[in-house]
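First the structure, in the form of structure tokens, and then the observations on it.
Read the figures in this text as sums done on the coordinates, not as results from a lab. Bear in mind that the values here come from a model prediction, so they are computed numbers and not experimental data. Reconstructed Cβ throughout: ideal geometry from the backbone, glycine too, with neighbour counts over all protein chains shown.
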Amino acid sequence: MDKSEENKIEIKDKIINFFNNNKAKMYIFIFILFSSLFLFFFLKVNNEKKNTIAAEKYIEAGIYLGSNKKADDATKIYEEIILSGNEFYSILALNTVIEKNLIIDKNKILEYFEILEESISSKNQKDLIFLKKAIYLIKNSDIQRGNKILKKLIEENSSLKVLAQELVQE
């Protein structure tokens with residue numbers, strides 16, 4: 001029994017000595033921990049706010065487009081969303097711009113594809129952008145560049161490989 005009490009006292013003394021010798025390190029660790037948590041939550045809230053703003057702009061542009069009176073305003077808002085680099089709404093905005101022929105300039109559309117390719121981090125979404133770009137190029141008589149992108153998707157074993165193979169065969 002005496003030995004177990006001595007061990008308890010020894011362990012307690014070791015712990016107290018450890019904390020006394022490493023006070024500065026412990027305070028720095030706690031400061032870094034709380035700073036990291038604060039930064040994480042700040043970035044999360046900021047990202048959610050940006051998503052909400054992009055969603056509101058997307059809806060607003062859709063309303064403008066539906067009214068047929070303010071198609072130019074809708075185009076400007078869709079361009080803003082594309083340039084924002086939002087991973088969800090920027091792709092939707094570009095799809096709408098292409099589908100509704102809001103921007104006729106082929107170079108500008110290709111520039112928007114480039115912006116999305118750089119800003120999107122998800123592999124599946126990037127593959128989807130490449131596929132859409134290839135289809136856009138093929139529709140606009142640039143079959144060679146479109147097929148090149150499709151072959152690249154096939155070689156990289158993309159999740160859209162089967163669809164790309166079907167498009168290349170046509």
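All of 132, 139, 106, 161 fail the test of being surrounded by 13 or more Cβ atoms within 10 Å (Cβ to Cβ) and farther than 27 Å from residue 57 by Cα, apart from 161.
Is it the case that residue 74 is over 22 Å from residue 163 (Cβ atoms), in a helix (DSSP H, G or I) and touching a Leu at 6+ places or on another chain (Cβ under 6 Å)? Considered against the rule, which asks whether it is over 22 Å from residue 163 (Cβ atoms), in a helix (DSSP H, G or I) and touching a Leu at 6+ places or on another chain (Cβ under 6 Å), residue 74 comes out as yes.
Report yes if residue 62 is over 27 Å from the mean Cα position of the chain (by Cα), in a helix (DSSP H, G or I) and of a type in the set (Gly, Ala, Ser), otherwise no. So residue 62 does not fit the description; no. Selection of region 81-103 for residues being surrounded by 16 or more Cβ atoms within 10 Å (Cβ to Cβ) and part of a helix (DSSP H, G or I) yields 81, 82, 84, 89, 90, 91, 92, 93, 94, 96, 97, 98. Annotation note: of 98, 63, the sole residue that is within 15 Å of residue 133 (Cβ to Cβ) and of a type outside the set (D, E, K, R) is 98.
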